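See structure below.
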Amino acid sequence: MHPQLRGARLQVGISPRTRFRVNMAEPNDYAEDIADTGPERDGGAASASLADSSVEGSVDRQLADQRDRYLRLAAEYDNYRKRTAKERQEASQRGQADLLKGLIDSIDDIARFAHVDPSTVDAKTVVDGVAMVEKKVFKSLGALGLEVLDPAGDTFDPALHEAVMTEPAAAQEDDHVVSRVFQLGYVFNGQLLRPARVVVKQWNG
């Protein structure tokens, strides 16, 4: 073959069109590379989804545990409240029963004096009998914690006494001293039931 023709064929073999075809084929390689990374991306998304599901499941379990704990505490408190209310009621009933038990004998004595025949019993016997019953009642109540306030001759105490009137004091040292008691006061186990109503001396100088 002629040398010039041989050179021409070689030039056609590397023509721009041929180079263009080669270059056009290169993006396919990149597409294949991108396609190859697709499953890796899907796998990452799946892992993230599983992680989210695991976190949600853990939170749900914690909430369920907290709710169950709250319900148990609420039930325990309700039982405690009912139990303490019942115990207070029983304690109050026992205290009332003890009080009545201490007064039963005195009630019997009062009943006997209430049904005596006045034609056969003199007044002194009745008075002595009532005094005996009074003494027995206060003895029983005192054993339960009752204290009688009879402050005649004591210094006036506004926490325990109620002044219903005043009267002049003969000397300065008698100022604010209780001269008379109109009505006795009572304290039960440290709690004031009724103040003593009294007359108080007052020094006017």
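Please label the shape of region 100-145 as rounded, prolate or oblate, based on the square roots a ≥ b ≥ c of the eigenvalues of the alpha-carbon gyration tensor (a/c under 1.5 means rounded; beyond that, a/b larger than b/c means prolate, else oblate). Intermediate values should be presented prior to the final figure.
Values: a/c = 6.01, a/b = 2.12, b/c = 2.83.
Verdict is oblate for region 100-145.
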**Asked** Which residues' amide hydrogens lie under 5 Å from the amide hydrogen of F156, considering only partners 5 or more residues apart or on another chain, with H built in the peptide plane?
**Response** V177, V178
**Asked** Quick one: which of 86-95, 189-198 comes out on top by average Cβ neighbours within 10 Å, and what's the full order, highest first?
**Response** 189-198, 86-95
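If you take every residue apart from L63 with its C-beta less than 14 Å away from the C-beta of L63, what net charge results, scoring Lys and Arg +1 and Asp and Glu -1? Don't skip to the end; give the middle numbers.
Working: positive: R61, R67, R69; negative: E56, D60, D65, D68.
Once all neighbours under 14 Å are counted, the net charge is -1.
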**Item:** Gain on full stretching of the segment that runs from I107 to D60 - 0.36 nm per residue minus C-alpha separation
**Value:** 10.0 nm
**Prompt:** What is the distance, in nm, between label points placed 7 Å from the Cα along the Cα-to-Cβ direction at K135 and at N204?
**Reply:** 4.3 nm
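At a Förster radius of 41 Å, what calculated FRET efficiency corresponds to the Cβ-Cβ distance of A159 and T125, to the nearest 0.05?
0.50
Just so you know, all these numbers are worked out from the coordinates, no wet-lab data involved. The model shown is predicted, which means the values in this text are computed figures rather than measured ones. Positions of Cβ are backbone-derived with ideal geometry, glycine not excepted, and every protein chain shown enters the neighbour counts.
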